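Here is the structure we will look at.
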Amino acid sequence: MMETTFILTQYGSLKSLEKYCIDMPKIEVHAHINGSISPETLQQLVERKKEKKPHLAQFIIPKKKLDIIDDFFPIFNFVYQLTDDEESIGFITESVIQDFKKDGVKYLELRTTPRNDKNGMTKESYVCVVTSVIQKFSYSEHGIIVKLILSVDRRNTLEEAMETVNLAIRYKNKGIVGVDLCGDTSKGHIDNVKPAFIRAKEHGLKVTLHFGEVEANIPEHASMLTIPPDRLGHATHLDPESKDFIYAKNVPIEMCMTSNVLCNTVKNYQEHHLRDFILMKYPCCICTDDKGVFFSDLSNEYVIAASTFSLNPKNLFELSFQSIDYIFDCDDIKIQLRKIWNDWYESYNFGAI
Ligand SMILES: CNc1ncnc2c1ncn2[C@@H]1O[C@H](COP(=O)(O)O)[C@@H](O)[C@H]1O
Ligand SMILES: [Zn+2]
């Protein structure tokens with residue numbers, strides 16, 4: 001009730017809050033490509049594959065809150081059967097970029113885990129396709145800048161992690177800005193793959209890690225922080241030592257509210273740790289994680305933040321604006337983005353909301 005009153009006084013209606021959140025320029029830095037496929041694109045993939053793979057003919061991603069995060073990862077056993085060749089990887093990359101663009105994202109850092117497939121796709125051909133698609137987009141022509149982070153899966157051996165990092169190094173001049181550690185929180189350990197992240201940093205790549213998404217990963221934190229990471233994903237469960245380290249270094253945090261609530265790693269939106277970070281004015285950016293699995297695009301995450309934490313239009317703009325500081329791209333791009341944001345803010349018709 002209180003939230004509704006707040007929306008009415010600040011934005012006029014829920015519709016105008018939604019419009020504001022789409023119109024406002026935004027940064028997205030935590031979006032997994034295979035988790036960001038829209039239901040329409042997924043349906044097109046099913047149509048393309050259903051003759052060869054009839055068991056996938058009825059495949060849809062169910063809209064529901066999970067009991068535990070462990071139920072999330074098996075979804076990709078199905079999605080990956082639909083994205084098992086270079087053509088489908090190129091297709092989903094392009095479609096995901098178009099979705100973010102329509103939603104008002106001006107700078108996008110996608111991330112993805114390079115994969116081999118028995119039909120001939122190699123990790124290198126995978127990276128080749130994704131980088132060639134992202135490079136087609138420019139701000140002057142398309143109104144969006146797109147960069148790439150390569151993900152190491154927690155289940156990887158050191159050899160596999162090194163292969164991914166070596167690809168990131170080789171394709172650095174084709175839009176790759178960093179590497180990530182992601183995947184099933186119950187599998188693997190940072191120490192198995194840590195030398196690969198250290199190598200990435202030595203080669204000028206940035207590092208982001210899924211961090212404290214579940215409490216059981218806390219014993220890995222001390223080792224993770226010595227890399228040291230340039231950003232952290234989630235940071236839901238923080239032990240006192242990592243809190244001290246992170247706060248002292250101001251390591252920016254990628255906040256994925258709907259992902260956390262639907263995977264049940266956070267009870268509800270009201271109790272989401274974004275609240276504390278906003279109050280502390282701590283560096284953080286609002287992100288989607290997997291908009292195709294959680295059915296929430298970036299503008300909707302801003303709508304949820306505004307209505308849950310009573311953020312007015314200026315507060316939302318400031319959150320979006322500060323995210324520019326935390327991107328992995330260079331300072332020239334940050335300067336270019338700040339100008340785009342400021343121009344938008346000056347010309348926006350606030351009287352209409
Ligand atoms: C919900 N929170 C999460 N926590 C950890 N890893 C996640 C994740 N969401 C997605 N992924 C990782 O991203 C892969 C899919 O995209 P790509 O094939 O890389 O494009 C998943 O297999 C998982 O490893
Ligand atoms: Zn993630």
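Within the stretch 183-197, count every residue that is in a helix (DSSP H, G or I) and in contact (Cβ under 8 Å) with a residue 60 or more places away in the chain.
From the stretch 183-197, those in a helix (DSSP H, G or I) are 190-197; that's our starting set.
Among the residues that remain, those that are also in contact (Cβ under 8 Å) with a residue 60 or more places away in the chain are: none.
Within the stretch 183-197, residues that are in a helix (DSSP H, G or I) and in contact (Cβ under 8 Å) with a residue 60 or more places away in the chain number 0.
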Taking the stretch 48-79 and keeping only residues that are without any contact (Cβ under 8 Å) to a residue 12 or more places away in the chain and among the aliphatic types (A, V, I, L, M), one is left with 57
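Can you tell me which residue is farthest from ligand 2 (Cβ to nearest atom) among those in the stretch 53-101 that are among the hydroxyl-bearing types (Ser, Thr, Tyr) and open to solvent by less than 30 Å² (accessible area, probe 1.4 Å)? Please lay out each step first, then the result.
Within the stretch 53-101, the first condition is being among the hydroxyl-bearing types (Ser, Thr, Tyr), and the residues that meet it are 80, 83, 88, 93, 95.
Of the ones still in play, those that are also open to solvent by less than 30 Å² (accessible area, probe 1.4 Å) are 83, 88, 93, 95.
On the way: 83: 17, 88: 21, 93: 17, 95: 19 Å.
Of everything passing the filter in the stretch 53-101, 88 is farthest from ligand 2 (Cβ to nearest atom).
Could you check the stretch 15-24 and list, in sequence order, the residues that are surrounded by fewer than 21 Cβ atoms within 10 Å (Cβ to Cβ) and either in contact (Cβ under 8 Å) with a residue 60 or more places away in the chain or part of a loop (DSSP other than H, G, I, E, B) (or both)? Before you say what the answer is, go through the steps one by one.
Filtering the stretch 15-24 down to residues surrounded by fewer than 21 Cβ atoms within 10 Å (Cβ to Cβ) leaves 15-16, 18-19, 22-23.
Scanning the stretch 15-24 gives 16, 18, 19, 22, 23.
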Just to be sure I understand, how many residues within the stretch 208-224 are closer than 23 Å to residue 109 by Cβ and of a type in the set (Ser, Thr, Tyr)?
1
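Residue-by-condition table, conditions (1) within 16 Å of ligand 1 (Cβ to nearest atom); (2) open to solvent by 40 Å² or more (accessible area, probe 1.4 Å); (3) within 24 Å of residue 8 (Cα to Cα); (4) not basic (Lys, Arg):
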| residue | (1), (2), (3), (4) |
| --- | --- |
| 264 | yes, yes, no, yes |
| 273 | yes, no, no, yes |
| 295 | yes, yes, no, yes |
| 309 | no, no, yes, yes |
| 312 | no, yes, yes, yes |
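Looking at this structure, is residue 58 in contact with a Lys or Arg (Cβ under 7 Å, 6 or more places away or on another chain) and more than 9 Å from ligand 1 (Cβ to nearest atom)? First the steps, then the outcome.
Numbers: in contact with a Lys or Arg (Cβ under 7 Å, 6 or more places away or on another chain): no; more than 9 Å from ligand 1 (Cβ to nearest atom): yes.
Answer is no for this residue.
Among 99, 85, which is the only one that is of a type in the set (D, E, K, R) and under 13 Å from residue 292 (Cβ atoms)?
Values: 85 fails: under 13 Å from residue 292 (Cβ atoms).
Within the list 99, 85, the selection yields 99.
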Would you be able to tell me the number of residues in the stretch 183-194 that are open to solvent by less than 60 Å² (accessible area, probe 1.4 Å) and away from ligand 1 (no atom under 11 Å from the Cβ)?
3
Somewhere in the stretch 201-224, is a residue free of Cβ contacts under 8 Å to residues at least 60 places away in the same chain, of a type in the set (S, T, N, Q) and open to solvent by 70 Å² or more (accessible area, probe 1.4 Å)?
no
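Do you know which of the residues in the stretch 275-292 that are part of a helix (DSSP H, G or I) and within 14 Å of ligand 2 (Cβ to nearest atom) is most open to solvent (accessible area, probe 1.4 Å)?
Start the filter on the stretch 275-292 by keeping residues that are part of a helix (DSSP H, G or I), which leaves 275-280, 291-292.
Then drop every residue that is not within 14 Å of ligand 2 (Cβ to nearest atom), which leaves 291-292.
Details: 291: 25, 292: 5 Å².
Here the answer is 291.
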Determine which member of the set 141, 163 is away from ligand 2 (no atom under 16 Å from the Cβ), more than 30 Å from residue 106 (Cβ to Cβ), out of contact with any Pro (no Cβ under 7 Å at 6 or more places or on another chain) and open to solvent by 70 Å² or more (accessible area, probe 1.4 Å).
163
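Those residues that are open to solvent by less than 70 Å² (accessible area, probe 1.4 Å), hydroxyl-bearing (Ser, Thr, Tyr) and more than 22 Å from residue 192 (Cβ to Cβ), I need them from the stretch 225-262; list them, please. Give the derivation first.
Looking only at the stretch 225-262, we keep the residues that are open to solvent by less than 70 Å² (accessible area, probe 1.4 Å), and these are 225, 227-239, 242, 245-246, 251-262.
Restricting the remaining residues to those that are hydroxyl-bearing (Ser, Thr, Tyr) gives 236, 242, 258-259.
Scanning the stretch 225-262 gives 236, 258, 259.
The values are calculated or read from the model by the stated rules, or taken from the named source; none is laboratory data. Quick caveat: nothing in here was measured; it's all calculated off a predicted structure. Reconstructed Cβ throughout: ideal geometry from the backbone, glycine too, with neighbour counts over all protein chains shown. In case anyone asks, the SASA skips ligands and DNA or RNA and just uses the protein heavy atoms, side chains included. Shrake-Rupley method; radii C 1.70, N 1.55, O 1.52, S 1.80 Å.
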